[in-house]
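Before any comments, here is the structure.
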Amino acid sequence: MANVEIRPSELQVLVDDRRVGLTVREFELFLLLAERPDAVVQRPEIYALIWGGEMPHRDRSVDVLVRRVRAKLEDVAPEWRYIHTHFGIGYRFSPEP
């Protein structure tokens, strides 16, 4: 998958052999999106799978988590974009230089 290696048993993501350093919850989000390449995953579904239950109205937890994962990915691979926003819908995993 491009320059990404996912090690689920270690809860690790490597980009170009460099550890991204995700927390457990950040890793769960990354894996959730990476397991569905090029598919848009809706925010309420992400919330339900990561936190459990229904997403509260106007809750920004998913967006904050995505922003943190993007920042860590950008630290190790600034020339790549991995998670793309579909405004009003959700997020899609598609590594692109």
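The values are calculated or read from the model by the stated rules, or taken from the named source; none is laboratory data. Keep in mind that this is a model prediction, so the values were computed, not measured. All Cβ positions, even for glycine, are placed from backbone atoms using ideal geometry, and neighbour counts span all protein chains on display. Remember, those area values only see protein heavy atoms, side chains included, never the ligands or the DNA or RNA. Shrake-Rupley method; radii C 1.70, N 1.55, O 1.52, S 1.80 Å.
What about VAL62, is it part of a helix (DSSP H, G or I), over 15 Å from VAL13 (Cα atoms) and modelled with pLDDT of 95 or more?
Against the criterion (part of a helix (DSSP H, G or I), over 15 Å from VAL13 (Cα atoms) and modelled with pLDDT of 95 or more), VAL62 qualifies.
Just name the residue that is surrounded by the most Cβ atoms within 10 Å (Cβ to Cβ) out of those in segment 47-81 that are touching a Phe, Trp or Tyr at 6+ places or on another chain (Cβ under 6 Å) and not β-branched (Val, Ile, Thr).
That would be LEU73.
Would you check which residues across segment 42-67 are of a type in the set (A, V, I, L, M) and touching a helix residue (DSSP H, G or I) at 6+ places or on another chain (Cβ under 8 Å) and list them?
ILE46, LEU49, ILE50, MET55, VAL62, LEU65, VAL66
Which of the residues belonging to segment 18-46 are open to solvent by 30 Å² or more (accessible area, probe 1.4 Å) and not in a loop (DSSP other than H, G, I, E, B)?
Passing the criteria: ARG18, ARG19, VAL24, ARG25, GLU28, LEU31, VAL40, GLN42, ARG43, PRO44, GLU45.
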